[in-house]
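Visitor: The structure under discussion is supplied below as structure tokens; questions concerning it will follow.
Values quoted throughout were computed directly from the atomic coordinates according to the rules given, and no laboratory measurement underlies them. Just so you know, these numbers come straight off a predicted model, no measurement behind them. So basically every Cβ, Gly included, is an ideal-geometry build from the backbone, and we count neighbours across all protein chains shown.
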Amino acid sequence: MPHDRSALIDQLRAHLTEQRYSSVVAHNYCRGVKNFLKFLEQRNVPVDAATPDHVSGYLHFARRQFHQRHGHPPAPRWESIPQAGIHALLRLVQKPWPPERPPANPREAVCRSVCNEYREWLQVQRGLAKASIRVLMWEGRNFLSWYAAPSPLDDLRKLNVRDIDSYFEMRAAGLRRRSLKDVAERLRSLMRFLHRTDRIGIDLAPRIIAPVLYAYESIPSALSTEQISAVLKNTRKDRSPLGYRDYAMLLLLATNGLRDGEITRLRLEDIDWRAEALHIRHSKTGASSQLPLMAEVGGALLNYLRRGRPKTDVRETFIRTRAPYSRLSSLYSEVRRRLEAAGVKPLGKCGPHTFRHARAVSLLRASVSRKVIGDLLGHRSEEATLPYLKLATEDLRAIALEIPEVRA
């Protein structure tokens, strides 16, 4: 269906304004889109039929034009602005963008068909959450693509345990036992699907042996008190909107021991300023709890809301500092960036959970009971708190029960 060029540009500008893009960014995006639409018209390509190849072709053409006009090539990432504007337009017109490319060969077509049916089975038959479906689909797609490389997928009845062992051998490189156990569980799900849809004659799921994991066998990573102080001190020096936001998030991690998802999902109405409390929906258990809003945390939140948070209708407290303004999906990159800026190099993992683990240890050293620690961390049972306490085994004496002396 033909589209009016001016109407498309007006539609894009209105969309960018609604998403709170700055007027300068919106102008640059629309200028790039105008030239891209001219490029398509000259080749008789409707905008709703544009493909990633058309976008790449236009950017190559635009770079040549820039060189001819200025006598030198553009900067290495010059095309990022026109490309972003073009993608924003095509997302509005085509929904979704980029379009799924056609299968390269019959094997890929069969693999895609099986994966689509597998996704529907996970959604309808098993009723799994989107996050669970995503990881199961990744493993299923990876296995089927691997298996289809030497043999056609329409011959799945020849699939046997030796093939699964070979796949495990390929996947095992660089994986720990915990990860290999996850791979095994995902493969069992795929094998059950293939058996129940009569693609394989024998249910291979029970024959997939996962590594044995022992309770509390691994010790989680945690930051020391000195490291946390260094990170907070360094972040507090950053008086930019990004600095105000990151400092408030780090304080919530260090003071309240919240999970990543509990911070990214914290809404403005969850902060009760009068009662000096935070309403937390625990992302792992689904339970809710009220936590005290410490004065230092409250001050950091106020600084962020007044000086760092962009004007937006988004209700989540912590959002992107650049348009489109939406809640953060994860804190991992923010935490890692702040650790590196402070020169802090943890021995183990360097994600948000290292602050949570450190908070558990600090409470233990303050002789806080395991029950109270578990309540603060949002655990349903005291058993869930045990892995955190291994970080300071020597401090368990502070909360140990006295054993009565036995006299003969």
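Visitor: What FRET efficiency comes out for residue 365 versus residue 44 if R0 is 60 angstrom and r is the Cβ-Cβ distance? Round to the nearest 0.05.
Guide: Values: r = 72 Å, r/R0 = 1.21.
Result of the calculation: an efficiency of 0.25.
Visitor: I've got another one for you. Looking at the chain, identify the longest residue range that excludes and avoids all GluC sites (Glu not before Pro) in DSSP loops having at most 14 other Cβ atoms within 10 Å.
Guide: Numbers: sites that count: 100, 217, 276, 402, 405.
In the chain, the maximal stretch lacking such sites is 277-401.
Visitor: Over the chain, what is the relative contact order in whole percent, taking alpha-carbon pairs under 8 Å and six or more residues apart? Provide the component values of the computation, followed by the final result.
Guide: Numbers: 443 pairs, mean separation 54.7, N = 408.
Contact order relative to length: 13 percent.
Visitor: Determine the alpha carbon to alpha carbon distance for each of 130/349; 130/311; 233/345; 95/130; 130/158 and list only those over 24 Å. Show your work: numbers first, answer last.
Guide: Numbers: 130/349 26 Å; 130/311 30 Å; 233/345 16 Å; 95/130 20 Å; 130/158 31 Å.
The pairs that break the limit, which is 24 Å between Cα atoms, are 130/349; 130/311; 130/158.
Visitor: A further question follows. Give the Rg/Rh ratio for the chain, taking Rg as the radius of gyration of the Cα atoms and Rh as the Kirkwood radius, to two decimals. Display every interim value, and only then the final one.
Guide: Numbers: Rg = 27.0 Å, Rh = 26.0 Å.
Rg/Rh: 1.04.
Visitor: So, with +1 on the Cβ of K and R and -1 on the Cβ of D and E, and no other charges, what is the size of the charge dipole of the chain about its Cα centre, to the nearest 20 debye?
Guide: Working: 68 positive and 43 negative charges, 185 e Å.
So the dipole magnitude of the chain works out to roughly 900 debye.
Visitor: Gain in length, residue 322 to residue 14, computed as 0.36 nm per residue apart minus the alpha-carbon separation, to one decimal in nm?
Guide: Numbers: separation 308, 0.36 × 308 = 110.88 nm, distance 1.73 nm.
Roughly 109.1 nm would be gained on extension.
Visitor: Ok, one more. When the helix-only estimate is applied to the chain (DSSP H runs of n ≥ 4, each -39,500 (n - 2.57), divided by the residue count), what is the mean residue ellipticity at 222 nm, nearest 500 deg cm²/dmol?
Guide: Details: 16 runs with 209 residues, N = 408.
Calculated at 222 nm, the ellipticity per residue is -16500 deg cm²/dmol.
Visitor: Around residue 163, what is the net charge, scoring Lys/Arg as +1 and Asp/Glu as -1 over all other residues with Cβ under 14 Å from its Cβ?
Guide: Working: positive: 157, 158, 162, 171, 199, 207; negative: 155, 165, 169.
Within the 14 Å Cβ shell, the charges total +3.
Visitor: If you average the sequence gap of Cα pairs under 8 Å that are 6 or more apart and divide by the length of the stretch 106-207, what percent do you get for the contact order?
Guide: Values: 66 pairs, mean separation 30.5, N = 102.
Relative contact order of the stretch 106-207: 30 percent.
Visitor: Using +1 at the Cβ of each Lys and Arg and -1 at the Cβ of each Asp and Glu in the stretch 5-93, identify which of 78, 23, 39 lies farthest towards the dipole's positive end.
Guide: 78
Visitor: If you filter the stretch 95-139 for trypsin sites (Lys or Arg not before Pro), then keep DSSP loop positions with at most 16 other Cβ within 10 Å, what is left?
Guide: Values: sites: 107, 112, 119, 126, 130, 134; in loops: 126.
Here the sparse-neighbourhood loop sites are 126.
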